[in-house]
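These notes are about the structure you will find just below.
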Amino acid sequence: MCSNWLLQILTMDTSWQVLAQAEMLQDAVTARVFNVTENNVAEVISQRRDLLSLIFPDFERFCQIHLQTNPKTMLKVLWDLWLPLGCNIAVQRENLGKPLIKGILGAQGTGKTTMSRVLKLILENLGYRTVCLSLDDLYKTYSDRLKLIQQDSRLIWRGPPGTHDIHLALSLLDQVLQGKSSVEIPRFDKSAYNGMGDRTIPEIIPDPIDIILFEGWFVGVPPISEHSFIDPPHPIITQGDRQFAIDMNNELKNYLPLWEKLDNLIVLYPQDYRYCLQWRKQAEHQMIATGKTGMSDDQITEFVYYFWRALHPELFINPLISSSDVDLVIKIDQDHNMKL
């Protein structure tokens, strides 16, 4: 829900400022993370309002085209989280003095793609050439994945460790870090080959890139000890399930050189990982209601369980959120509300 003062923020009425300052200081965790104090809160409010006014026309179009929603429904998360986070990332880029590779880790339905796109919009308005890169953009080609399935029939869906072109990813990030111009950003068409997906025309970025927002469902996730699989959580049940989990864990070792390119990591963290199954079903029901075809609830459950068997959130994500490699954890409740 939007606070009443948020609805006044883009008007000439300035009475909202006092309420905004009080609410900003009341949330002690957010104030600490974004360095808001009694001494600077008025300045922070003013700067954030100016930035909001600058980006709002683009944000309004983004909400209408990509989210099919009224931008006012997104105003609170924009004001409370995305605007200050965008400013923090800009400061990190300035302090780093070279291209920033920002990892964003989030399971299905956590909103990582939406957040990345909004952060890109904010950062570009601040003057930083910003590119969104998804782990999905780095899938191996259709033909290579067919060969992969012949080698390992368990890789029936794209997505688990081993289905990505790590050499392509490393080459791309090295070009960005070297300040190269005319960099080709790989893109992936999920609809190709009846949903199997394949590479499509890359996006050409003609000028050196300042910031890459690199998002994905296991971006930055390192392998864990095999002892973790002695008594694993559901749905890792059978010995075959356990072996699949062990093999996917071993496959993560190949991704470590890629994770080393990350300057830091944001984690979008559902307060209960099982929300992801609920969210996926809700999304599928909404799509079917528009007349499109979709999966049944049983098919969705099996699909989500497949990825939990590969990299279970309890085993891989929970230990990571206290890691020094993570600079921000954004908690998400059942209704998709975000808080620090």
**Q.** Complete set of residues in segment 248-280 that are without any contact (Cβ under 8 Å) to a residue 40 or more places away in the chain and either assigned to a helix (DSSP H, G or I) or farther than 16 Å from residue 312 by Cβ (or both)
**A.** 250, 253, 256, 260, 277
Q. Which of (1) over 24 Å from residue 139 (Cβ atoms); (2) in a loop (DSSP other than H, G, I, E, B) is the odd one out, the single condition residue 220 does not satisfy?
A. (1)
(Q) So, residue 109, is that one at pLDDT 95 or above, part of a loop (DSSP other than H, G, I, E, B) and more than 20 Å from residue 261 (Cα to Cα) or not? (A) no
(Q) Give me the residue from segment 155-167 that is in contact (Cβ under 8 Å) with a residue 24 or more places away in the chain and crowded, with 18+ Cβ neighbours inside 10 Å and, out of that set, farthest from residue 262 (Cα to Cα). (A) 158
Q) In this structure, is residue 143 surrounded by 15 or more Cβ atoms within 10 Å (Cβ to Cβ), of a type in the set (Ser, Thr, Tyr) and modelled with pLDDT of 95 or more? A) no
Q: Could you please find all residues in segment 168-184 being surrounded by fewer than 18 Cβ atoms within 10 Å (Cβ to Cβ) and either among the aliphatic types (A, V, I, L, M) or not in a loop (DSSP other than H, G, I, E, B) (or both)?
A: 168, 170, 171, 174, 177, 184
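Quick check on this structure: which one of 293, 238 is farther than 25 Å from residue 139 by Cα and over 25 Å from the mean Cα position of the chain (by Cα)? I'd like the intermediate steps shown before the answer.
On the way: 293 fails: farther than 25 Å from residue 139 by Cα.
Result: 238 is the single residue among 293, 238 that is farther than 25 Å from residue 139 by Cα and over 25 Å from the mean Cα position of the chain (by Cα).
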Q) Hey, does segment 64-74 have a residue that's touching a helix residue (DSSP H, G or I) at 6+ places or on another chain (Cβ under 6 Å), of a type in the set (S, T, N, Q) and closer than 22 Å to residue 268 by Cα? A) yes
Q | Qualifying positions in segment 20-42 - more than 16 Å from residue 330 (Cβ to Cβ), part of a helix (DSSP H, G or I) and either touching a strand residue (DSSP E or B) at 6+ places or on another chain (Cβ under 9 Å) or among the aliphatic types (A, V, I, L, M) (or both) | A | 20, 22, 24, 25, 28, 41, 42
Q) Which numbered condition trips up residue 84, out of (1) exposed (fewer than 11 other Cβ atoms within 10 Å of the Cβ); (2) within 30 Å of residue 326 (Cα to Cα)? A) (1)
Q: Select, from 288, 246, 300, the only residue that is farther than 23 Å from residue 110 by Cα and of a type in the set (A, V, I, L, M, F, W, C).
A: 246
Q. For segment 61-75, does any single residue satisfy the condition of being surrounded by 11 or more Cβ atoms within 10 Å (Cβ to Cβ), farther than 29 Å from residue 273 by Cα and basic (Lys, Arg)?
A. yes
(Q) Could you tell me how many of the residues in segment 187-217 are part of a strand (DSSP E or B) and crowded, with 17+ Cβ neighbours inside 10 Å? (A) 10
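Among the residues of segment 224-244, is any in contact with an Asp or Glu (Cβ under 6 Å, 6 or more places away or on another chain) and either surrounded by 16 or more Cβ atoms within 10 Å (Cβ to Cβ) or at pLDDT 95 or above (or both)?
Yes - at least one qualifying residue is present in segment 224-244.
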Q. Which residue, of 212, 204, 237, is free of Cβ contacts under 8 Å to residues at least 24 places away in the same chain and either of a type in the set (Lys, Arg) or within 17 Å of residue 133 (Cα to Cα) (or both)?
A. 204
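The values are calculated or read from the model by the stated rules, or taken from the named source; none is laboratory data. Worth saying up front: this structure is predicted, and the values here are computed from it rather than measured. Please note: Cβ atoms are built from the backbone with ideal geometry, for glycine as well, and neighbour counts cover all protein chains shown.
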